[in-house]
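Report on the following structure.
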Amino acid sequence: MSQRPSHPVTAVSQAVVAPRQGLLTRRRLMLLAAAVPLVAWRVQQGAHAAPLQWQGLAMGAPASVTLHHGGDTTRAQAALSAMLAEVNRLEAMFSLFRADSLISELNRSGQLKDAPTEFVSLLGTALDMAAASKGVFDPSIQPLWRLYFEHFVTGANTAPPAKEQVAQARALVDWQGVQITGSQVRLARPGMALSLNGVAQGFITDRCSAVLRSHGFSHMLVDMGEPRAVAPKPDGSAWQIGLADPREPSREIHTLSVLDQAVATSGGYGTRLDDAGRYTHLINARSGRTAPAYESVTVVAPTATQGDALSTALALIPSTDVSARLALLRTQPGCRAICINHAGQVSELS
């Protein structure tokens with residue numbers, strides 16, 4: 001879990017859900033760190049106007065919105081401007097790419113004395129998933145991520161980090177050492193650090209959906225890293241969400257029809273840390289090992305926040321441990337999971 005790239009394409013009626021494929025390089029991290037939201041949308045006048053489409057960046061990854069506006073382009077553009085302001089506000093809390101973000105401040109100082117409600121709420125959600133997954137999912141994973149990143153990307157190594165290094169980093173990973181008292185957040189030990197990348201993209205998708213709905217819109221596909229379909233399309237049909245083949249992420253392997261639900265996908269193939277793909281960006285906090293490169297788990301959930309957290313946790317549980325995956329899924333009412341294995345076989349947990 002951590003530094004999770006998101007899928008590359010959201011079309012008018014269909015999204016292809018797949019973490020961005022590729023080897024994580026220092027140049028790529030520098031580009032992500034320098035990324036700023038793009039304000040680019042296309043509108044068409046008239047009662048039967050095509051939907052307004054926006055594409056940009058959120059949390060350093062591609063994001064998009066498809067908004068059916070009934071010809072009221074002025075109100076639609078105002079709604080999108082408000083949505084972008086909300087994205088910027090939330091990135092100032094959760095982005096590890098920003099040195100001035102609240103989470104960066106927490107990681108430096110070990111505490112936040114007056115954390116905003118949204119920060120406390122999302123951290124609480126992450127800790128709930130840590131408890132439900134018995135620590136497989138852990139928002140304090142950042143020391144392990146930093147070890148893998150510095151070893152493979154900065155150090156340009158091909159062999160894994162030494163067992164002693166992994167053990168030292170794991171000693172700083174402990175979700176039960178994250179303490180919340182009212183609006184105060186404190187990390188129990190020096191060297192601990194958080195990442196909310198396993199839930200933040202879904203949370204921002206939910207918040208952006210709420211902003212657009214508050215402006216009176218109800219037919220939309222909002223994707224800030226995890227897509228959420230709000231109501232059907234104006235003709236009453238469902239949104240079509242395509243799931244990518246982990247072996248070739250540009251190719252769709254399965255399609256979901258979605259109404260008033262979110263779809264979140266996690267897979268190690270999104271970012272390979274080494275050329276062979278033996279090590280990926282998704283890290284199991286209990287074992288210190290990374291998720292397989294050519295497998296994915298997609299969760300259909302009532303909210304993108306819930307789907308984001310659950311898909312990450314399920315992807316971190318080995319695919320051979322079906323009982324553990326089912327046990328975790330049963331703790332999340334209203335969710336179902338679609339698993340794609342290294343051979344491209346699609347199966348469902350429900």
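The values are calculated or read from the model by the stated rules, or taken from the named source; none is laboratory data. Everything numeric in this text was worked out from a predicted model, so none of it was measured. In this analysis, Cβ positions are derived from the backbone assuming ideal geometry, glycine residues included, and neighbour counts consider all displayed protein chains. When the accessible area is computed, the model is the full protein with side chains, heavy atoms only, and any ligands, DNA or RNA have been set aside. Shrake-Rupley method; radii C 1.70, N 1.55, O 1.52, S 1.80 Å.
The residues on offer are Met220, Met224, and the sole one that is in contact with a His (Cβ under 8 Å, 6 or more places away or on another chain) and touching a residue at least 40 places away in the same chain (Cβ under 8 Å) is Met220.
Quick one: would you say Thr305 is β-branched (Val, Ile, Thr) and more than 13 Å from the chain's Cα centre (by Cα)? So Thr305 does not fit the description; no. Note on region 181-212: residues that are touching a strand residue (DSSP E or B) at 6+ places or on another chain (Cβ under 8 Å) and either among the aromatic types (Phe, Trp, Tyr) or not in a loop (DSSP other than H, G, I, E, B) (or both) total 12.
I want to confirm something. Restricting to region 106-159 and keeping residues that are at positive phi and at pLDDT 95 or above, which single residue is surrounded by the fewest Cβ atoms within 10 Å (Cβ to Cβ)? Filtering first and then ranking leaves Lys134. What about Gly334, is it at positive phi, surrounded by fewer than 24 Cβ atoms within 10 Å (Cβ to Cβ) and in contact (Cβ under 8 Å) with a residue 60 or more places away in the chain? Here the answer is no, as Gly334 does not meet what is asked.
In this structure, Ala304 qualifies as crowded, with 23+ Cβ neighbours inside 10 Å and of a type outside the set (Ser, Thr, Tyr).
Within region 227-253, being open to solvent by 10 Å² or more (accessible area, probe 1.4 Å), in contact (Cβ under 8 Å) with a residue 60 or more places away in the chain and under 19 Å from Ala304 (Cβ atoms) holds for Arg228, Lys233, Gln240. Checking each residue in region 76-99 for being of a type in the set (Lys, Arg) and either outside any loop (DSSP other than H, G, I, E, B) or buried (at least 20 other Cβ atoms within 10 Å of the Cβ) (or both) picks out only Arg89.
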